Structure formats: C-alpha cells, structure tokens
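The structure appears below as structure tokens.
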Amino acid sequence: MREYLLTLCVTAAVTYLLTGPVRKFAIVAGAMPQIRARDVHREPTPRLGGIAMFFGLCAGLLVADHLRNLNAVFSNSNEPRALLSGAALIWLIGVLDDKFEIDALIKLGGQMIAAGVMVMQGLTILWLPIPGVGLVALTQWQGTLLTVALVVITINAVNFVDGLDGLAAGMVCIASAAFFLYAYRIWYSYGIEAAAPATLFAAILMGMCLGFLPHNMHPARIFMGDSGSMLIGLVLAAGAISITGQIDPDVMNLFSGSERNTVHQTVPVFIPLLLPLTIIAIPAADLVLAIVRRTWRGQSPFAADRGHLHHRLLEVGHSHSRAVLIMYFWSALIAFGALAYSVNSGAMWSVLGIAALSAVGLVLLLLPRFTPRAPRWAEHLVPPRYRRRRAAASALPEDGDAEPATQGTEAACAREDTDPSERAPVVVGVSGVNGATAIGTRARVLDRRGAESSR
C-alpha cells in the first residue's frame with residue numbers, strides 16, 4: 001500500500017507542477033477556442049491540460065517500475081506498456097483536436113486504433129464469467145470487439161461529462177478511488193497477483209486527477225480538453241479490462257454451491273465492468289432526458305438546446321460549484337454503492353443506505369426551490385439571500401446617488417422597475433487573471449437560455 005500511495009503522490013505532484021507551464025504554453029500556442037453557445041464560461045480559457053496529465057502518467061509508471069514490489073507488475077505483465085502505448089496515441093490525437101478541432105470521425109477512428117494497440121500487446125478481454133455456467137472463453141475477434149467497444153464507450157462518456165469546471169476530473173477520481181479499493185481487495189485478500197496492474201492503473205489515475213483539479217476547479221485556469229478527457233477515459237477502461245477479462249474467477253473459488261449462491265458470489269467479478277459505467281450513468285441519463293424533452297416539444301432528437309443536466313442545475317438556482325458538488329455526490333453514490341454491494345451483496349444495510357443517500361441527493365437537487373425566507377423582524381440576523389425582496393429594495397439609495405460597491409449588483413437585481421437588460425453585470429472571479437469567468441446568478445443563465453448548443 002505504501003508503494004501505491006507513493007506512486008499516487010508522485011503522479012499528482014508532477015501533474016500539478018506541470019499544469020502551470022502547460023497553461024502558458026497553451027496560451028502562446030493559441031489553444032484557446034472561442035466561446036461556444038453551450039459553454040458556461042465567459043472568457044476564452046486555454047486547453048491542453050492533458051499534456052500535464054500525460055507526463056504525470058509517465059512519471060507514475062516510471063516510479064512504479066523502480067519500486068521493489070511494484071516492479072513485478074512490469075516484469076510479469078506487458079499491460080503497463082500496452083497502457084502507455086495506447087495512452088500516447090490517444091493523447092496525441094487529443095492534443096491535435098485541442099489545437100485544430102479535428103473531425104469527430106477521425107477522433108473515433110483514433111480511439112479505436114488506440115484500443116487496438118492495447119489489444120495487440122495483450123491488454124484484452126479473454127473470457128467472461130457467466131453465473132451458473134462458469135468461464136466463457138472468447139475468440140480473438142470477440143475479445144477484440146468487446147475490448148474496443150468498452151474503451152470507446154468509456155472515453156466518450158468521460159468526454160461527454162466534461163462540461164463544467166472540475167467535473168470530469170472529479171468524477172473520474174471518485175470512480176477510480178472506488179475501483180482502487182476493489183482491485184486492491186482482489187489483489188490483497190485473494191492473493192491474485194494478476195490484479196496488481198489494475199490496482200496500479202487506478203492509483204495513477206487518481207494522481208492524475210488530483211494533481212489537475214486545483215487548476216481546474218471553478219473558476220478554471222485551464223481545461224483538460226480532449227487530450228485529458230480521452231486520456232483518463234482510456235486509463236479507466238484499461239483497468240476494468242485488466243481485472244475483468246484476464247483474472248481467472250476460478251482462483252477466487254466463486255463457482256461453487258447452488259445456483260443462487262453462485263449468482264451472489266459472482267457479483268464481485270462484474271463490478272469492474274460496472275464501475276466505468278458510473279461515469280456513463282449520468283451522461284446517459286442526460287441523453288435520454290434530452291431525447292424525451294426534444295421529442296415532446298416536437299423537435300428533432302438531435303436539435304441543439306441548453307437543457308443538459310449541468311445547464312438545468314444552474315438554471316434551478318445552483319451555483320457553479322454547487323452543481324459540480326451535486327454531480328460528485330451522485331457519482332460517489334453510484335461508485336461506492338456498487339463497491340459496497342460487491343463486498344456483501346446480501347446485506348440489507350447497503351441497500352437501505354443507498355436508498356437513504358439517494359433521498360438526500362434528491363433534496364439537494366431541489367434545495368434552491370425551497371429557500372426559506374426569514375420573518376421581517378429577523379431579517380437583519382440572516383444572510384441577504386434569506387431576506388425578502390422588499391427589504392433589499394428598501395435598502396436602495398435614492399436616485400442619482402452612487403451605490404456602494406458591495407451592494408451595486410444585488411441592488412440592481414432587486415430593483416423592480418429596472419429593465420433586466422440594464423442590470424449591473426455580475427462579476428465572478430477575477431476577469432483576465434484566472435482565464436475563466438463562470439455563470440454568476442440565475443438571471444444571466446436565463447438570458448442565454450435561447451442559445452443553441454452543438455450537443
């Protein structure tokens with residue numbers, strides 16, 4: 001465990017220290033695309049954060065190769081080299097896309113080639129465990145197609161969820177933490193050395209995300225871009241493939257007893273395939289809701305709008321940071337809920353705990369709709385957001401007087417006879433310094449509701 005933690009810390013440190021110089025390089029190189037209709041940031045922000053993440057990955061693998069215990073992962077398996085080869089290819093494609101905006105079909109082809117490179121070097125699904133049947137050996141073509149499909153789906157799921165500052169890196173970090181605990185349990189508890197590569201991949205992935213997050217949290221100074229989102233998606237998929245399709249479940253003595261017991265005992269085998277889907281769960285739900293919403297309105301399912309999940313959270317009244325934290329909460333609930341179920345699938349407490357936390361998550365989603373208002377006699381004792389609008393309007397200075405700097409924005413928004421288009425702009429962050437200014441109040445989000453999106 002100490003060597004895994006050391007690898008994680010080195011990966012995080014290298015990623016963190018390189019992100020600053022990479023940001024300056026991205027600005028000089030012109031990797032700062034114009035604001036799109038679907039974006040929530042207000043200023044052009046440099047991309048290419050995936051460069052720092054890739055070098056963090058290389059540093060983590062290099063350090064692990066020189067550690068006494070983890071060195072066996074490189075000597076007994078070719079999977080780390082397969083991961084590095086596929087990661088280098090997908091990272092190069094992402095860098096080109098961040099700079100030149102290459103076609104989507106070219107990116108898809110590059111993703112399939114990167115997955116194929118890993119398959120050629122041995123990182124592939126060889127068999128699938130089927131409850132009540134045992135191991136089902138896959139042919140070479142079946143294993144290749146299944147591996148490529150899992151890699152491509154995971155990469156695009158991570159890329160799709162990268163819509164707010166810190167969202168993709170945080171959600172992948174949460175999923176990789178749950179995956180690390182699962183893989184380490186398989187390696188340590190069952191004594192299966194074949195689980196060591198997946199454990200190492202998860203530790204490195206956590207380091208990549210943790211090192212990049214301080215630069216990417218709202219307001220973001222730099223975006224990871226496709227060079228980062230596709231990279232971490234590929235690493236997450238590689239870990240799932242490594243521990244699912246190559247570890248022999250017979251070594252874990254799972255297929256024994258009655259059929260009912262076999263079904264319960266084989267749950268841990270399928271968890272690695274489910275954990276990457278925790279990244280896909282939220283984007284997939286967003287996609288289904290978008291199709292239903294557009295069809296209900298009589299529009300094409302592919303019509304552009306600003307009704308995606310993170311847009312809706314902002315419009316409901318959540319701040320940028322709160323919207324990200326809510327999506328963190330749901331990602332952690334799904335990932336660690338699946339992990340708890342794999343440890344003891346028959347425990348009722350895990351089901352009840354997941355149900356209770358789901359109810360808490362629903363309350364958090366609707367919290368801005370139920371903002372309490374303090375009585376008039378207690379308005380001076382509570383923050384301004386809990387006061388009635390009349391109280392805020394009565395605090396406005398007389399016409400012609402200069403408004404205090406600390407009350408200008410709130411007073412302009414509270415004045416009932418002020419045209420919305422003439423309200424004072426909301427300033428978030430330090431414009432021109434941190435490279436990004438995000439959505440401030442709900443009014444500014446609603447002003448852009450009619451904007452089109454390419455998603």
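The values are calculated or read from the model by the stated rules, or taken from the named source; none is laboratory data. Note that the coordinates shown come from a computational prediction; the quantities given were computed from them, not determined experimentally. Virtual Cβ from ideal backbone geometry, glycine too; neighbours counted across all protein chains shown. In case anyone asks, the SASA skips ligands and DNA or RNA and just uses the protein heavy atoms, side chains included. Shrake-Rupley method; radii C 1.70, N 1.55, O 1.52, S 1.80 Å.
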Exercise. Does R221 satisfy the condition of being surrounded by fewer than 24 Cβ atoms within 10 Å (Cβ to Cβ) and assigned to a loop (DSSP other than H, G, I, E, B)?
Worked result: yes
For this session: Look through the range 189-203, keep the residues that are more than 22 Å from T11 (Cα to Cα) and touching a residue at least 40 places away in the same chain (Cβ under 8 Å), and return whichever of them is least open to solvent (accessible area, probe 1.4 Å).
Result: I192
For this session: For V133, indicate whether it is among the aliphatic types (A, V, I, L, M), at pLDDT 90 or above and out of contact with any His (no Cβ under 7 Å at 6 or more places or on another chain).
Result: no
Exercise. Here are some conditions: (1) within 21 Å of the chain's Cα centre (by Cα); (2) open to solvent by less than 60 Å² (accessible area, probe 1.4 Å). F55 meets all but one. Which one does it not meet?
Worked result: (2)
Exercise. Quick one: is L123 touching a residue at least 60 places away in the same chain (Cβ under 8 Å), open to solvent by 30 Å² or more (accessible area, probe 1.4 Å) and not in a helix (DSSP H, G or I)?
Worked result: no
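Matching residues to (1) open to solvent by less than 20 Å² (accessible area, probe 1.4 Å); (2) farther than 27 Å from M224 by Cβ:
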position	(1), (2)
G86	yes, no
L108	no, no
Q142	no, yes
I174	no, no
Exercise. Do you know which residues across the range 62-81 are crowded, with 16+ Cβ neighbours inside 10 Å and without any contact (Cβ under 8 Å) to a residue 60 or more places away in the chain?
Worked result: V63, F74
Problem set entry | Answer from L181, L213, L150 - the residue that is assigned to a helix (DSSP H, G or I), open to solvent by 10 Å² or more (accessible area, probe 1.4 Å), of a type outside the set (K, R) and under 23 Å from A104 (Cα atoms) | L150
For this session: Tell me, yes or no, whether the range 142-156 has at least one residue that is farther than 30 Å from V14 by Cβ and within 20 Å of the chain's Cα centre (by Cα).
Result: yes
Exercise. If we scan the range 87-94, do we find a residue that is in a helix (DSSP H, G or I) and either of a type in the set (S, T, Y) or under 20 Å from T244 (Cα atoms) (or both)?
Worked result: yes
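Per-residue answers, yes or no, for (1) at pLDDT below 90; (2) in contact with a Lys or Arg (Cβ under 9 Å, 6 or more places away or on another chain); (3) of a type in the set (S, T, N, Q):
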residue: L8; (1), (2), (3): no, no, no
residue: I35; (1), (2), (3): yes, yes, no
residue: T45; (1), (2), (3): yes, yes, yes
residue: P80; (1), (2), (3): no, no, no
residue: G86; (1), (2), (3): no, no, no
residue: E101; (1), (2), (3): yes, no, no
residue: V117; (1), (2), (3): no, no, no
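Name the single residue, out of those in the range 173-223 being aromatic (F, W, Y) and closer than 21 Å to F336 by Cβ, that is farthest from the chain's Cα centre (by Cα).
Y190
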